[in-house]
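Right, one structure below, let's go through it.
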Amino acid sequence: MTKEVAEFAYDLHSGLGAINITEYDQLPLLGMAATLAVHIKGLGVIEYEVLRKVSDHFMGIPSRSLREILEILEEVEFVRLVTAGRTIEKVIPNIPLFDDVYVGLGDFASSELKMNEHEQATLSILQALRESPQNTHSFQAKSGIDTNVFRRCLQFGSISGMLSEQKARGKSILISPFYYADNLDGLADTVAAVGASALTSVLNKVKANQGWPLSLALSSGQIGTSILTTTEVQLLTKLTSEGMIKPPTISFGGRNESFVFTPKPGSARLNAANREIYERAMALVSAVRKGQLLAQEYRIKYPLAILRKLRDKGFLKSNSEAASQYQNLVVMRVAYLKEVSSGMWQLHLNRMPENEAALDLAIDVLRTGEVSNMEVNQDARIALSKDEIYIQSIVAAAELKKRQKDITDPQALEEYAQLILKFD
Amino acid sequence: MAKFDKDRHQKQLALRYCLAQGYLPCLEVVVNTASDLTSKPEVLTDIDVLGIENIADGTLRRIVFDCKSSNKLGAISRAFWASGLMKYTGADGAFVILGKPAVFNHRISALKVDVDLHDERSFEELGRTIAQDFNTDSCYQASIERWDVAHAAFAKSKWAEDIFALCHYTAPLSLKPEQTFRKILAAIRKNRGDFDPEKDDHVAIVFDIISYMFILWARMGRDLRRIYSPTMRRENFEDALRLYVWGGHESYAIRQAILENSLRAGMAGNAAGDLQEFPAWKRFVSFVGLVISSPDDIFRCAEMCREFSIRQVSPHNADFDEKIKKRFKTNNRLAQFITAATSYVTEACRLPTDLEKKINDQVLTFS
């Protein structure tokens, strides 16, 4: 749970931003520390002034809190601070590239920070909602959270966009836009119909074998080595047909095949700018899965090795199936095909940062099933590497627009639609 | 429904008379005040049975049936009352079924104000001139007990109160069908989280709503047929349909202006696309295109859906089912329109998709 505490704290902060909730004490600090750490990882020395402005503008860290956060990070040895008396002048990131920020902060939290009742309740709510949407009443009963604390957590959950409470089939369902991006109504309805545990079980099986061909899963009744019960098969069909899982498709040999992934992560785990990288990674995984499971003649035995080779060498040896198999990658400009002899094509990677990131994500997804490192805001990282003038110009431009968060509250939109429909 | 208990026998007579005549019966239609000056709507009176007749091409005639077994008010006074009610609600004819027979001079005088005075015996004889067996339990709708059961099912779902009021009270008397239609859609959307396809009661409610919608569409279909011409381009028809269903050009323009202002005030842009167009617009256009080809059948669908609604919560009867099957066989539009309507309502109000499946499967087993 330790690493997850830091992850959930990050998620919570991404939703709350600068909103101050009096019931929270240590959790926002942890969240801000995680946010900051994730963004400065791998960068060089940063001027304190630049860091102050960038963290305020992009990461929602009020400048007043920055000192305290940096002191936490210093204690965890993620940064070194260059001070002159009481003033911090420079911040030197000290996070090795292969270290997991969440693990380090999670360990710190478990030994140094004590969460109060509301914070603990929030953490368990987030943990449950990450698995799948939950039935409000049964979740509350199972978790044993006090009713008033629960209600309060739901209240600020809605404000921060962390969760929304919806009615489906007469039951009240909690669902989190942090963790699910597509067709939240459909997901709530599914949980109301079949229960959270059935949904979680299907999603876990998909996660263990990301990118599995849909038709193969439905016909053979299993994904990878996990067997699907008949209800799970029906559930899988429902999830894909109603857009809760949006499987990428590859056309080859006159047929179309869809490849199943876990639902696209929501706003906390997938920063908007990284959506393109996510799509490309899914395309990469689908392509090698096709080669692994639906090859015309030559099966790919080790899809992970193929992707690693593409990353290291930059191209794949030619074969006859490459043209159809990797067509999507060419369309998305991840790679290009070179014909070496008639009918035999080599796949070459387009060496650009997005494609490298996509390849890394694809390898992670195949290996662990997890989508990681997609929450980082790239604009923030760029701003951190530049000087004060750059960040000042961005801040000034933003001041002219309304600096409120977008009103994407689905409840409000629905009520608005009601009014427009109803009035004479 | 406790309300149905008063003058029960007479109500059932009126009900069966409507069915024999081919009218669509609506029980206990509450009439509200014409003015809207208090926060809660005020009830003036209620119509015991309202029969809706489709003359041709969506022109609807409404007949009021008033059942009074007590004799507090004299016969002719009752006739004048009914005539006033007719004028107020825009009905075209009225029957008053009294406890005691009225004097024949009064009866002929009452005809002058389009009110037909009867007592139970004479009304039954009138019914028998149409069909000898009119006073028999011939279909699901024909027994007041079943209406009781259906009403109890609706009363169990408190969340459906608004929808119920709109459908049962406003829709039968509505002179502005597109407005009532929009309001019904809004009311369903508000409560869409409460519909559970597993519950028969809820399925019955949906059938009921759709049957009332068909009454509205019968009227709208008539107007829309006047808009449509075979040489018209699709976009032109769509534009006219859009303005029609939003209540006219000015109404539509105001809504667009409100939307733009909200966008400027910071409402999320991508969600606004959902609001700019009428719910499930594409499917609505297809539905309209489908039903204007045969507007008379729209009304018949209302009867069928009412049968299905009551059937959902009553024990099944093989004879009645046979009758339904026969109707479907002779009229190939019924299944087509009903399934199209269900698909539209499910998409427009974002109801659970297996609700649509369940309803369509039921309808298709009969066709």
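Output yes when any residue across region B:174-185 is touching a strand residue (DSSP E or B) at 6+ places or on another chain (Cβ under 7 Å), at the interface with another protein chain (Cβ under 10 Å from one of its Cβ atoms) and crowded, with 20+ Cβ neighbours inside 10 Å, and no when none is. Spell out how you get there, then give the answer.
Of region B:174-185, the ones touching a strand residue (DSSP E or B) at 6+ places or on another chain (Cβ under 7 Å) are none.
No, that holds for no residue.
Pull up region A:173-190, narrow it to residues that are at pLDDT below 90 and over 21 Å from the mean Cα position of the chain (by Cα), then point me to the one that is farthest from the other protein chains (Cβ to nearest Cβ).
A:190
Out of region B:252-265, which residues are within 12 Å of chain A (Cβ to nearest Cβ), within 15 Å of residue A:417 (Cα to Cα) and exposed (fewer than 14 other Cβ atoms within 10 Å of the Cβ)?
At the first step, the residues of region B:252-265 found to be within 12 Å of chain A (Cβ to nearest Cβ) are B:252, B:254-259, B:261-265.
Checking which are within 15 Å of residue A:417 (Cα to Cα) leaves us with B:252, B:254-259, B:261-263.
Within region B:252-265, B:256, B:257, B:261 qualify.
So residue A:42 clears everything in (1) outside any loop (DSSP other than H, G, I, E, B); (2) touching a residue at least 24 places away in the same chain (Cβ under 8 Å) except one condition, right? Which one?
Of (1) outside any loop (DSSP other than H, G, I, E, B); (2) touching a residue at least 24 places away in the same chain (Cβ under 8 Å), only one is false for residue A:42: (1).
Quick one: residue A:340 ticks every box in (1) among the β-branched types (Val, Ile, Thr); (2) loosely packed, with under 15 Cβ neighbours inside 10 Å; (3) closer than 30 Å to residue A:163 by Cβ except a single one, so which number is it?
Of (1) among the β-branched types (Val, Ile, Thr); (2) loosely packed, with under 15 Cβ neighbours inside 10 Å; (3) closer than 30 Å to residue A:163 by Cβ, only one is false for residue A:340: (3).
Which of the residues that make up region A:25-56 are within 24 Å of the chain's Cα centre (by Cα) and closer than 26 Å to residue A:155 by Cα?
Just the residues of region A:25-56 that are within 24 Å of the chain's Cα centre (by Cα), to begin with: A:26-43, A:54-56.
Listed by number, the residues that qualify are A:26, A:27, A:28, A:29, A:30, A:31, A:32, A:33, A:34, A:35, A:56.
Out of region A:1-31, which residues are part of a helix (DSSP H, G or I) and of a type in the set (Gly, Ala, Ser)?
Here is the first cut: in region A:1-31, the ones part of a helix (DSSP H, G or I) are A:2-16, A:27-31.
Residues satisfying the conditions are A:6, A:9, A:14, A:15, A:31.
Can you find even one residue in region A:222-234 that is closer than 22 Å to residue A:370 by Cβ, in the same structural domain as residue A:324 (by TED's automatic domain parsing) and free of Cβ contacts under 8 Å to residues at least 24 places away in the same chain?
In the first step, residues of region A:222-234 are kept if they are closer than 22 Å to residue A:370 by Cβ; the result is A:222-226, A:228, A:232.
Still in the running and in the same structural domain as residue A:324 (by TED's automatic domain parsing): none.
No, region A:222-234 has no match at all.
Out of (1) modelled with pLDDT of 90 or more; (2) outside any strand (DSSP E or B); (3) surrounded by 12 or more Cβ atoms within 10 Å (Cβ to Cβ), the odd one out for residue A:89 is which?
Every condition holds for residue A:89 apart from (2).
Quick test of your reading of the structure: residue A:234 fulfils all but one of (1) in a helix (DSSP H, G or I); (2) in contact with a strand residue (DSSP E or B) (Cβ under 7 Å, 6 or more places away or on another chain); (3) surrounded by fewer than 19 Cβ atoms within 10 Å (Cβ to Cβ); (4) within 12 Å of chain B (Cβ to nearest Cβ). Name the failing condition by number.
Among (1) in a helix (DSSP H, G or I); (2) in contact with a strand residue (DSSP E or B) (Cβ under 7 Å, 6 or more places away or on another chain); (3) surrounded by fewer than 19 Cβ atoms within 10 Å (Cβ to Cβ); (4) within 12 Å of chain B (Cβ to nearest Cβ), residue A:234 violates only (2).
Is region B:143-152 home to any residue that is over 25 Å from residue B:184 (Cα atoms), surrounded by fewer than 16 Cβ atoms within 10 Å (Cβ to Cβ) and at pLDDT 85 or above?
Yes, region B:143-152 has at least one match.
Within region B:102-135, take every residue that is aliphatic (A, V, I, L, M) and assigned to a helix (DSSP H, G or I) and give me the one that is surrounded by the most Cβ atoms within 10 Å (Cβ to Cβ).
Initial filter on region B:102-135 (aliphatic (A, V, I, L, M)): B:102-103, B:108, B:110-111, B:113, B:115, B:117, B:126, B:130-131.
Checking the rest, the ones that are also assigned to a helix (DSSP H, G or I) come to B:108, B:110-111, B:126, B:130.
Working: B:108: 10, B:110: 23, B:111: 12, B:126: 15, B:130: 11.
Filtering region B:102-135 for residues that are aliphatic (A, V, I, L, M) and assigned to a helix (DSSP H, G or I), the one surrounded by the most Cβ atoms within 10 Å (Cβ to Cβ) comes out as B:110.
Hey, could you check region A:158-171 for residues that are among the small types (Gly, Ala, Ser) and facing chain B (nearest Cβ under 8 Å) and say which is nearest to the chain's Cα centre (by Cα)?
In the first step, residues of region A:158-171 are kept if they are among the small types (Gly, Ala, Ser); the result is A:158, A:160-161, A:164, A:168, A:170.
Going one step further and asking which of them are facing chain B (nearest Cβ under 8 Å), we end up with A:168, A:170.
Details: A:168: 26, A:170: 30 Å.
The selected residue is A:168.
Results for (1) within 20 Å of residue B:291 (Cβ to Cβ); (2) at pLDDT 80 or above, shown as yes or no for each residue.
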site	(1), (2)
B:258	no, yes
B:262	no, no
B:266	no, no
B:269	no, no
B:278	yes, yes
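Using beta carbons and a limit of 6 Å, which pairs, at least six apart or on different chains, have the first residue in region B:202-216 and in the same structural domain as residue B:166 (by TED's automatic domain parsing) and the second one crowded, with 24+ Cβ neighbours inside 10 Å and among the polar types (S, T, N, Q)?
Short answer, once both residue conditions are applied: B:204/B:309; B:207/B:309; B:208/B:309.
Where in region A:238-343 are there helices (runs of 4 or more DSSP H), lying wholly inside it, with at least 3 residues that are of a type in the set (Val, Ile, Thr), under 30 Å from residue A:178 (Cα atoms) and in the same structural domain as residue A:358 (by TED's automatic domain parsing)?
Values: elements: A:275-293, A:303-313, A:322-325, A:327-331.
In region A:238-343, A:275-293 are the helices (runs of 4 or more DSSP H) which contain 3 or more residues that are of a type in the set (Val, Ile, Thr), under 30 Å from residue A:178 (Cα atoms) and in the same structural domain as residue A:358 (by TED's automatic domain parsing).
Tell me, please, whether a residue that is buried (at least 20 other Cβ atoms within 10 Å of the Cβ), in the same structural domain as residue B:311 (by TED's automatic domain parsing) and assigned to a loop (DSSP other than H, G, I, E, B) can be found in region B:234-248.
Yes, there is a match, as at least one residue in region B:234-248 is buried (at least 20 other Cβ atoms within 10 Å of the Cβ), in the same structural domain as residue B:311 (by TED's automatic domain parsing) and assigned to a loop (DSSP other than H, G, I, E, B).
Please verify whether region A:141-149 includes one or more residues that are surrounded by 19 or more Cβ atoms within 10 Å (Cβ to Cβ), within 18 Å of residue A:14 (Cα to Cα) and either without any contact (Cβ under 8 Å) to a residue 60 or more places away in the chain or touching a Ser or Thr at 6+ places or on another chain (Cβ under 6 Å) (or both). Even if it seems obvious, please write down each step before you answer.
First, pick out the residues of region A:141-149 that are surrounded by 19 or more Cβ atoms within 10 Å (Cβ to Cβ): A:145.
Then keep just the ones that are within 18 Å of residue A:14 (Cα to Cα); that gives none.
No, region A:141-149 contains no residue that is surrounded by 19 or more Cβ atoms within 10 Å (Cβ to Cβ), within 18 Å of residue A:14 (Cα to Cα) and either without any contact (Cβ under 8 Å) to a residue 60 or more places away in the chain or touching a Ser or Thr at 6+ places or on another chain (Cβ under 6 Å) (or both).
Of the residues A:223, A:145, A:175, only one is within 28 Å of residue B:197 (Cα to Cα) and in contact with a helix residue (DSSP H, G or I) (Cβ under 8 Å, 6 or more places away or on another chain); which? Walk me through how you get there before you give the answer.
Values: A:223 fails: within 28 Å of residue B:197 (Cα to Cα); A:145 fails: within 28 Å of residue B:197 (Cα to Cα).
Among A:223, A:145, A:175, only A:175 is within 28 Å of residue B:197 (Cα to Cα) and in contact with a helix residue (DSSP H, G or I) (Cβ under 8 Å, 6 or more places away or on another chain).
Can you find a residue that is more than 18 Å from the chain's Cα centre (by Cα) and closer than 18 Å to residue A:347 by Cβ anywhere in region A:258-273?
First, the residues of region A:258-273 that are more than 18 Å from the chain's Cα centre (by Cα): A:258-259.
Narrowing further to those that are closer than 18 Å to residue A:347 by Cβ: A:259.
Yes, region A:258-273 contains a residue that is more than 18 Å from the chain's Cα centre (by Cα) and closer than 18 Å to residue A:347 by Cβ.
From the list B:48, B:66, exactly one residue is surrounded by 13 or more Cβ atoms within 10 Å (Cβ to Cβ), under 17 Å from the mean Cα position of the chain (by Cα), acidic (Asp, Glu) and under 16 Å from residue B:94 (Cα atoms). Which is it?
Among B:48, B:66, only B:48 is surrounded by 13 or more Cβ atoms within 10 Å (Cβ to Cβ), under 17 Å from the mean Cα position of the chain (by Cα), acidic (Asp, Glu) and under 16 Å from residue B:94 (Cα atoms).
Taking into account only those residues within region B:193-213 that are in contact with a helix residue (DSSP H, G or I) (Cβ under 6 Å, 6 or more places away or on another chain) and at the interface with chain A (Cβ under 8 Å from one of its Cβ atoms), which is farthest from residue B:300 (Cα to Cα)? Step through it out loud before you land on a result.
Of region B:193-213, the ones in contact with a helix residue (DSSP H, G or I) (Cβ under 6 Å, 6 or more places away or on another chain) are B:194-197, B:200-201, B:203-205, B:207-212.
Within this subset, residues satisfying the condition of being at the interface with chain A (Cβ under 8 Å from one of its Cβ atoms) are B:194-197.
On the way: B:194: 29, B:195: 26, B:196: 27, B:197: 25 Å.
Among residues in region B:193-213 that are in contact with a helix residue (DSSP H, G or I) (Cβ under 6 Å, 6 or more places away or on another chain) and at the interface with chain A (Cβ under 8 Å from one of its Cβ atoms), the one farthest from residue B:300 (Cα to Cα) is B:194.
Got a number for residues in region A:149-177 being assigned to a loop (DSSP other than H, G, I, E, B) and either closer than 18 Å to residue A:191 by Cβ or of a type in the set (D, E, K, R) (or both)? Write out each step before concluding.
First pass over region A:149-177, keeping only residues assigned to a loop (DSSP other than H, G, I, E, B): A:160-163, A:169-170, A:176-177.
From what's left, either closer than 18 Å to residue A:191 by Cβ or of a type in the set (D, E, K, R) (or both): A:162-163, A:169-170, A:176-177.
Of the residues in that region, 6 qualify.
The values are calculated or read from the model by the stated rules, or taken from the named source; none is laboratory data. The shown structure was predicted, so the numbers you read here are calculated from the model rather than taken from an experiment. In this analysis, Cβ positions are derived from the backbone assuming ideal geometry, glycine residues included, and neighbour counts consider all displayed protein chains.
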